[in-house]
Structure formats: structure tokens, C-alpha cells
Amino acid sequence: MTTIIDGKVAAASVIETVTSTAAALEREVGEKPGLAVVIVGDDPASHTYVNSKSKMAKQCGFNSFQHSLPEGTTQEELEKLVAELNADPAIHGILVQLPLPKHLKSEPVIQSIAPEKDVDGLNVVNAGKLATGDLASGLISCTPAGALILINRIHGTDLSGLNAVVIGRSNLFGKPMAMLLLSSNATVTMAHSRSKDLPGICRGADILVAAVGRPDMVKAAWVKPGATVIDVGINRVPAPEKGEGKTKITGDVAYAECAEVAGAITPVPGGVGPMTIAMLMANTVVAACRSFGRPVPKF
Ligand SMILES: Nc1nc2c(c(=O)[nH]1)N[C@@H](CN(C=O)c1ccc(C(=O)N[C@@H](CCC(=O)O)C(=O)O)cc1)CN2
């Protein structure tokens, strides 16, 4: 029997801990965690994600600040806003929604976020801490942190002796995911579009993580029988069965056929996606606890 890994259930458990920690902080210190979310431009999917983040922040008992900037915002204007948020003591977490419009460079913006407020875990200080095995004092990118929680539900926290393959090498997901798996003692292979014999590499995986942005790319023949398959893809594709012009979300894994072979698998939607927003809340409450010298919850 294949286990369907339910990201909504795991996310709800994270949110419960976040909410009780935020309530304790307010009771004991008289302050709420503050999350600032910055979005530039009109991308509808990005607006949906940002609205969900702001709504969830309020639900957790945070102060939520949304900065929606016009498409024509300049690099200087964006970095000036980040500098103001860095200096604001009511803000414990800052997130700049990605991707930015094409005329803006995301790297300098990300690197201008104060590391202790970088709840996306993308700043070189936080990425460096993760790469050097310091998982305790930095902030870890939300989607890989959430994917690891789902993997831990199947395999426990010690992945010794297991082969993990991560397809994709982005700073937002692939690289931090590989570091987290390595820190959990897995034997990790990072594969990508230039890898030779991708199906063969994947067939060696006890834990296969796909983050490539190509709908249904991973086929059943790529999956080792009994493997855990984590699908990080969020692809919007046409869904004529729902009506003309309709679309649906699908992952990077051909779900139905891979579920026949895998031991455990995440669906899309309802797998890794809900963990992204839950871990953003977790990072924000952790950043707030640290700023007040309070104990940090475990997720
Ligand atoms: N600064 C950041 N930008 C982006 C990130 C990020 O972590 N930080 N990740 C993605 C988008 N993203 C959050 O921003 C995100 C993607 C998907 C989901 C999610 O819950 N997906 C649902 C399906 C939702 C739907 O039906 O549309 C699921 O998989 O169940 C949450 C957040 C890029 N940008």
C-alpha cells in the first residue's frame, strides 16, 4: 500500500505550534511577531501566494504588513523599502516574493535583508550556516524545511544509509534541500537538466525529490519500488476536462503511475505546497522569539 503524504495535515500541526508560541510571546513579552511581505508587480499567482501568507500570519496572531509595489518600481526603491523594514523593530520577518519583474535583480535585494529577519533563508549568511551544518542559529528556506518534515514522517529524522536524489539546483529549493538531507545523514545526489541518465540516477533513490518545473516529468520507470517520492513542482496546465480555457495545478511527477511504484508520495496540490506557508510562519515566530531572547520552538 502506498502512503499518500498529506501536507495539509503536517502544515496544520506546524501552524498549531506557531500559534501557541505567538500567544505565549504576547502574554509574556507583550509583543506579537511581525511579518512584512513585499510584492512587486501584477503576477496573479504571486498575488495569490502573498495574500495567503498575509492571511495566515493574521490567523497565527502575528502583525502582518503587506507592501504591494507597482510593476515600475526601481531597484533603489525596493532596496530602500527593505532597509526601512530592516530598521523597524516591529518587523521580525521580511519576505520578498519571487520572481521579481524582469528589470529587477533579485540577488542584491535578497542580500540586503538583515540575516536575522530573512525568513526565506536565502541570504548568504543563512545559506552558509545551512551549508556548514549549523541548523540551529540561522533560518532555513521554507519549502525544503517543509519537505524535510514530510520525509521525516516516513523515515524518521536519521536518514543514514538512504540514497536521496534531488532533481533541481535552485537556491530557493534544490541546494538547501540537498544540505538538509546531508545533515540528516542521507547519501545525496544532486541531479539537474545537464545530468546524464537522469532516469538511471533517480532509480537509485530511496528518497526522490523533484523540483524541476516540468509537468509530469518523473515517470514510474524512474522510481525505485518502495521509494519515497516528494513532488515540489507547481505547474499550471490546461484542464479541458474542467471546461474550455480552464487550468489545473500539477506537479513534476506523473502522480498516478508513480504512486503505483512508490512506497510513499506527496500529491500536488496538498503535498509540499501547504508546508511552504506553514514554514514561513515557523521561521517568523522563531525570528521573533530570538529577538526577545525567548526559547525557540522545535518543528
Ligand atoms: N520569496 C519566495 N518566493 C516564492 C516562494 C518562496 O518560498 N519564497 N515559493 C514559491 C511560491 N509559493 C510561495 O511563495 C508557494 C507555492 C505554492 C503554495 C501552495 O500552497 N500550493 C498549493 C496549491 C495552490 C494552488 O492551488 O494554486 C499546493 O501545492 O497544495 C504555497 C506557496 C515561488 N515564490
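The values are calculated or read from the model by the stated rules, or taken from the named source; none is laboratory data. All values reported here derive from a predicted model rather than from experimental measurement. Every residue, glycine among them, receives a Cβ derived from its backbone with ideal geometry; neighbour counts consider all protein chains shown.
Data for the structure
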read-out: Leading residue by the ranking (farthest from ILE277 (Cα to Cα)) among those in the range 232-261 that are touching a residue at least 12 places away in the same chain (Cβ under 8 Å) and in a helix (DSSP H, G or I); value: GLU257
read-out: Test: residue in the range 201-210 that is surrounded by fewer than 14 Cβ atoms within 10 Å (Cβ to Cβ) and in a strand (DSSP E or B); value: no
read-out: Top-ranked residue in the range 249-267 [being β-branched (Val, Ile, Thr) and surrounded by 23 or more Cβ atoms within 10 Å (Cβ to Cβ); ranked as nearest to the ligand (Cβ to nearest atom)]; value: THR266
read-out: The listed residue being assigned by TED's automatic domain parsing to the domain that holds GLY41 and among the hydrophobic types (A, V, I, L, M, F, W, C), out of LEU122, LEU104; value: LEU104
read-out: Filtered residues of the range 6-26 (kept if within 16 Å of the ligand (Cβ to nearest atom), of a type in the set (Val, Ile, Thr) and either surrounded by 15 or more Cβ atoms within 10 Å (Cβ to Cβ) or under 17 Å from ARG290 (Cβ atoms) (or both)); value: VAL14, ILE15, VAL18
read-out: Residue ID - nearest to the ligand (Cβ to nearest atom), chosen from residues in the range 27-48 that are among the charged types (D, E, K, R) and surrounded by 14 or more Cβ atoms within 10 Å (Cβ to Cβ); value: ASP43
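A quick yes/no check of all residues on (1) more than 25 Å from LYS58 (Cα to Cα); (2) within 16 Å of the ligand (Cβ to nearest atom):
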residue	(1), (2)
GLY93	no, yes
LEU104	yes, yes
VAL109	yes, yes
ALA114	no, yes
ASP120	no, yes
SER137	yes, no
SER141	no, yes
ILE151	yes, no
ASN163	yes, no
